[in-house]
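The values are calculated or read from the model by the stated rules, or taken from the named source; none is laboratory data. This one's a predicted model, so the numbers in the text were calculated from it and none came from an experiment. Glycine also receives a Cβ, built like all others from the backbone with ideal geometry; neighbour counts cover every protein chain displayed. Just so you know, the surface numbers come from the protein's heavy atoms only, side chains and all, with ligands and any DNA or RNA stripped out. Shrake-Rupley method; radii C 1.70, N 1.55, O 1.52, S 1.80 Å.
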Amino acid sequence: MESFLPHWVNAILLGLIALAFVMNRLSRQLPHVAWLQWFRLPVIQVSEAQRAKRRRSGNRMAALEIVLMGLVLPAVYFLSTMVFFSEPKTMPTIIVTACSVLCIGLGIWIFARNR
């Protein structure tokens, strides 16, 4: 696949991005250097209650993703067997079902813990 930018432009852009990261790191290391503070990103102060709320929200989202994975896993297995014109075998079906039940159970458990 051909890039729309020449390789030397890509190299220069990569170098500039790396330089920006280094300058950001230096601005945090050296707060007394005034010109470096232009590269410092603002830090949002979050209270402990907001942090706990965000953590619970993230845990609920992870639980939802795990439950959805448990629901999609058997469908993916059976669709892949149809695509490859093969019959679903007993042992893989048992393994997929067990993994699906475990994912759904784990997701529900995470939901219950993060009320």
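Can you compute the charge dipole magnitude of the chain about its Cα centre, using +1 on each Lys and Arg Cβ and -1 on each Asp and Glu Cβ, nothing else charged? Give it in debye, rounded to the nearest 20.
Taking the Cα centre of the chain as origin, the dipole is about 780 debye.
Using the charge dipole of the chain (Lys, Arg: +1 at Cβ; Asp, Glu: -1 at Cβ; taken about the Cα centre), state which of Ala11, Ile95, Val43 has its Cα farthest towards the positive end.
Of the options given, the answer is Val43.
Computed from these coordinates, which is P(r) over Cα pairs in 10 Å bins from 0, in percent: [x] 13, 32, 30, 16, 8, 1; [y] 9, 10, 10, 10, 10, 9, 9, 10, 8, 15, 1; [z] 12, 19, 15, 19, 25, 9, 2?
Derived directly from the coordinates: [z].
Please identify every one of the chymotrypsin sites (Phe, Trp or Tyr not before Pro) in the stretch 46-100 that sits in a loop by DSSP and has no more than 16 other beta carbons within 10 Å of its own beta carbon.
When the chymotrypsin sites (Phe, Trp or Tyr not before Pro) of the stretch 46-100 are filtered for loop state and at most 16 Cβ neighbours within 10 Å, Phe84, Phe85 remain.
What helices does the chain hold that run 24 Å or longer along their axis, going by alpha-carbon atoms, with a Kyte-Doolittle average of 1.0 or more, using DSSP H for the helix calls? Can you show the working numbers first?
Numbers: long enough: 7-29 (33 Å, 0.94); 48-83 (50 Å, 0.32); 90-113 (34 Å, 1.71).
Span-like helices here: 90-113.
Using a 1.4 Å probe over the heavy atoms of the protein chains, calculate the carbon and sulfur portion of the accessible area of the chain as a whole percent.
The value for the chain is 73 percent carbon and sulfur by accessible area.
Tell me which chymotrypsin sites (Phe, Trp or Tyr not before Pro) from the stretch 1-55 have a DSSP coil assignment and no more than 10 other beta carbons within 10 Å of their own.
Filter output for the stretch 1-55: Phe4.
Along Cα→Cβ, 7 Å out, is where each label goes; now give me the distance between the ones at Ala75 and Phe111 in nm to one decimal.
So the two model labels end up 1.7 nm from each other.
So what is the accessible area of the stretch 1-105 per residue, in Å², with the probe set to 1.4 Å?
Value returned for the stretch 1-105: 84 Å² of accessible area per residue.
Run through the stretch 1-95 and list the trypsin sites (Lys or Arg not before Pro) located in a DSSP loop whose Cβ has at most 15 other Cβ atoms within 10 Å.
Arg40, Lys89
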